[in-house]
1. List the pairs whose first member sits in segment B:98-118 and is more than 7 Å from chain A (Cβ to nearest Cβ) and buried (at least 21 other Cβ atoms within 10 Å of the Cβ), whose second member is modelled with pLDDT under 90 and assigned to a loop (DSSP other than H, G, I, E, B), and whose Cβ atoms are under 7 Å apart, counting only residues at least 6 apart or on separate chains?
2. Given the residues B:R66, B:R2, which is the only one that is of a type in the set (D, E, K, R), away from chain A (no Cβ under 14 Å) and under 21 Å from B:L234 (Cα atoms)?
3. Taking the stated definitions as given, is A:H37 surrounded by 14 or more Cβ atoms within 10 Å (Cβ to Cβ), away from every other protein chain (no Cβ under 14 Å), without any contact (Cβ under 8 Å) to a residue 12 or more places away in the chain and more than 26 Å from A:Y99 (Cβ to Cβ)?
4. Does A:R91 satisfy being within 12 Å of chain B (Cβ to nearest Cβ), of a type in the set (K, R) and either farther than 19 Å from B:F19 by Cα or outside any helix (DSSP H, G or I) (or both)?
5. Given the options A:E134, A:E151, name the one that is of a type in the set (D, E, K, R), under 25 Å from B:A99 (Cβ atoms) and either surrounded by fewer than 17 Cβ atoms within 10 Å (Cβ to Cβ) or at pLDDT 95 or above (or both).
6. Please list, ordered by first then second residue, the pairs with beta carbon atoms under 7 Å, 6 or more apart or interchain, first in segment A:265-287 and closer than 10 Å to A:I247 by Cα, second hydroxyl-bearing (S, T, Y).
7. Pairs only if they're at least six apart or on different chains, beta carbon under 9 angstrom, first in segment A:13-26 and under 11 Å from B:R274 (Cβ atoms), second among the small types (G, A, S); list them, first residue then second.
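The values are calculated or read from the model by the stated rules, or taken from the named source; none is laboratory data. The structure presented is a predicted model; accordingly, all values stated were derived computationally and were not measured. So basically every Cβ, Gly included, is an ideal-geometry build from the backbone, and we count neighbours across all protein chains shown.
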Amino acid sequence: MRSYAIETKDLTKIFVTKERKGIFKRGTKKRIVAVDHVNFKVCSGEIFGLLGPNGAGKTTTIKLLATLLIPDDGEAWVNGYHIVQEADKVRESIGVSLYSDRGLYWKLTGRENLRYFAYLYHLPPKVAEKRIEELLEIVDLKGDADKLVEEYSTGMKAKLNLARALLNDAPILMLDEPTLGLDPHSARKVRELIMKLRGEGKTILLTTHNMEEADHLCDRIAIINKGKIVALGTPEELKRMVKRQDIVVIEAINIDKALIEVLKGEDYVSYVSENIKDPLSMSGTLRIGLNENSREALPNLLALMTKHKVKVQHIKVTGPSLEDVFITLTKRGFYEEDQESRAK
Amino acid sequence: MRRIKSLVLNNLLVIKAVFMREILYWVRYPLWFLTLISFPYLISGLFYSIGYALSGENAIKYFNQRAGTPNVFLYQLIGSAIFMISILIIEDVGQSIRAEQFRGTLEYNYLTAANKIVLWGSVVIPHGLISLTTLAGSIIPMLFMEIKPVDPLDLVLGVLVLFIGLMPLFGIGFVVAALTMRFKEPWAVTNIIKAFISAFSGFNYPITILPLWLQYVSNALPTTVVTDIIREALLFNKRLYTMSYQIELLALMGLVYFAVAITVYKRWEEEARRRGELSKY
């Protein structure tokens with residue numbers, strides 16, 4: 001019997017995709033290594049986070065562990081069961097939430113959705129009804145339980161999704177971006193619930209690309225990039241991997257590429273990472289890692305901003321975060337993939 | 001013994017879950033009732049009219065010579081009703097899986113501890129039951145008007161024959177389901193299967209009018225055997241127990257079709273998991 005709640009050994013998943021080029025031209029096949037020899041062990045009762053940008057391989061890892069995918073190489077065990085040879089046992093040991101607002105029957109009520117899945121988990125009717133009541137209470141949906149899901153807000157669907165993952169009271173929970181698309185209040189509620197579940201002894205594997213969330217929730221984090229784990233440890237251990245330096249975070253409008261290039265060329269700048277949230281107004285966040293004390297660099301930075309007509313809305317000097325760990329280890333911005341796909 | 005009991009109870013829970021879900025969905029989208037009630041009459045009327053257009057006044061005379069009965073409309077009605085149920089069963093599992101893919105619920109169903117054959121196959125029960133009830137409601141008035149009273153034993157046997165006859169179709173349905181899971185395009189295959197079955201099962205004309213080699217093909221179809229048995233009983237008042245050979249043949253077909261289908265389904269389900277097709281739509 002394996003002693004870890006989850007254990008992976010060189011877990012690998014390769015997808016073959018076909019590029020499409022018009023109607024008659026045959027596209028070329030492309031191999032994408034979504035998960036590349038991933039190794040990690042999750043102890044019972046811990047919250048383990050897979051942190052990485054979009055397309056890093058987090059969801060594929062969860063799907064492999066949840067038996068929705070078959071690995072091309074390597075092995076993994078969940079609750080001591082092999083994910084390929086003992087897939088049924090694995091499914092009985094896990095509760096999974098994959099998409100915060102999809103995967104529900106919209107023409108059924110919240111309660112009917114839970115009842116349906118409770119039966120599929122083989123909960124006898126009386127036990128199911130009791131469990132559904134408990135869960136509706138926990139996720140704060142009791143008042144809306146008899147409304148059709150099509151009338152639910154995104155936050156309510158996310159809560160219902162979480163309640164479904166808890167139906168079978170499995171020892172291991174796998175939550176894929178549980179707070180994605182939620183308003184701050186709903187996201188906080190979900191985070192509180194995750195902490196409560198950890199308190200009840202559940203093992204939680206969660207994926208996120210929200211740095212603060214990972215830092216706040218996880219006992220240990222694996223930073224994943226292009227299918228590979230680039231670092232693994234507690235949030236504090238990971239942050240210690242980065243040289244102690246000041247980070248300037250600037251929220252601004254009209255951020256232009258020329259400014260970023262200029263900044264990268266400055267001696268006092270070790271790296272620049274941008275996260276453009278609105279491509280129309282070019283508003284977003286600049287994260288600038290400094291080589292020297294920020295007090296000396298700040299006047300120069302502000303002068304450059306003024307010169308490039310960047311409208312600064314907020315500026316703060318902070319210490320390294322998990323985002324800086326990611327940038328240092330991968331030599332790329334955390335949101336680069338997003339910007340590139342948006343640009344395409 | 002306890003294990004078997006728990007296995008049965010667990011699968012019954014799965015069947016109940018799917019049954020309740022489907023009934024709720026159907027009640028919340030109610031207009032399909034109209035289709036089921038009217039279709040056997042519309043199809044029968046269509047063929048009746050085509051026959052009349054081709055042969056005019058002599059149509060019924062010719063039909064009687066070839067089919068052995070002048071009761072064209074009832075002949076068509078029985079065939080059309082069996083055709084509708086057959087198509088429903090062939091398409092149902094595949095269509096249901098496709099709907100789950102679109103809704104994003106397929107993976108969540110898949111993640112549960114439920115036996116997947118029972119889970120996907122269960123949709124046929126509520127759909128079949130509702131269709132049968134509606135169809136019975138739609139053709140019973142016609143049966144009362146046109147046929148002699150049926151022995152209750154034969155009625156029970158008739159339902160049993162229909163059930164046995166549906167098993168091989170259920171098998172074909174699982175092959176379609178496997179296709180859906182792997183290729184996402186069940187329509188092309190189901191349409192070919194539907195066209196093939198409707199042309200060669202003798203739903204609307206006796207298969208004896210086909211060339212001999214096609215009659216052999218036709219006889220290998222479970223739908224031909226079911227239609228034949230039910231028509232013999234309802235139209236020609238033949239006692240069902242006298243057709244035990246055909247019923248045994250039907251049961252054997254059911255086993256073979258079903259075994260092949262489950263093997264194909266399992267193979268393609270694994271392939272879908274390997275290629276990451278479960279989440280695609």
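1. B:L106/B:L278
2. Numbers: B:R2 fails: under 21 Å from B:L234 (Cα atoms).
Of the residues listed, the single one that is of a type in the set (D, E, K, R), away from chain A (no Cβ under 14 Å) and under 21 Å from B:L234 (Cα atoms) is B:R66.
3. Values: surrounded by 14 or more Cβ atoms within 10 Å (Cβ to Cβ): yes; away from every other protein chain (no Cβ under 14 Å): yes; without any contact (Cβ under 8 Å) to a residue 12 or more places away in the chain: no; more than 26 Å from A:Y99 (Cβ to Cβ): yes.
No; evaluated as a whole, the condition is false for this residue.
4. Working: within 12 Å of chain B (Cβ to nearest Cβ): yes; of a type in the set (K, R): yes; either farther than 19 Å from B:F19 by Cα or outside any helix (DSSP H, G or I) (or both): yes.
Considered against the rule, which asks whether it is within 12 Å of chain B (Cβ to nearest Cβ), of a type in the set (K, R) and either farther than 19 Å from B:F19 by Cα or outside any helix (DSSP H, G or I) (or both), A:R91 comes out as yes.
5. On the way: A:E134 fails: under 25 Å from B:A99 (Cβ atoms).
Going through A:E134, A:E151 in turn, the sole match is A:E151.
6. If the second residue must be hydroxyl-bearing (S, T, Y), the pairs left are A:R287/A:S273.
7. Partner pairs satisfying both residue conditions: A:K13/A:A34; A:K13/A:G57; A:K13/A:G74; A:K13/A:G227; A:K13/B:G276; A:I14/A:A34; A:F15/A:A34; A:F15/B:G276.
Residues checked against (1) in a helix (DSSP H, G or I); (2) within 14 Å of chain A (Cβ to nearest Cβ); (3) touching a residue at least 60 places away in the same chain (Cβ under 8 Å); (4) over 19 Å from the mean Cα position of the chain (by Cα):
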{"position": "B:L9", "(1), (2), (3), (4)": "yes, yes, no, yes"}
{"position": "B:P30", "(1), (2), (3), (4)": "no, yes, no, yes"}
{"position": "B:S38", "(1), (2), (3), (4)": "yes, no, yes, no"}
{"position": "B:F47", "(1), (2), (3), (4)": "yes, no, yes, yes"}
{"position": "B:G51", "(1), (2), (3), (4)": "yes, no, no, yes"}
{"position": "B:G56", "(1), (2), (3), (4)": "yes, no, no, yes"}
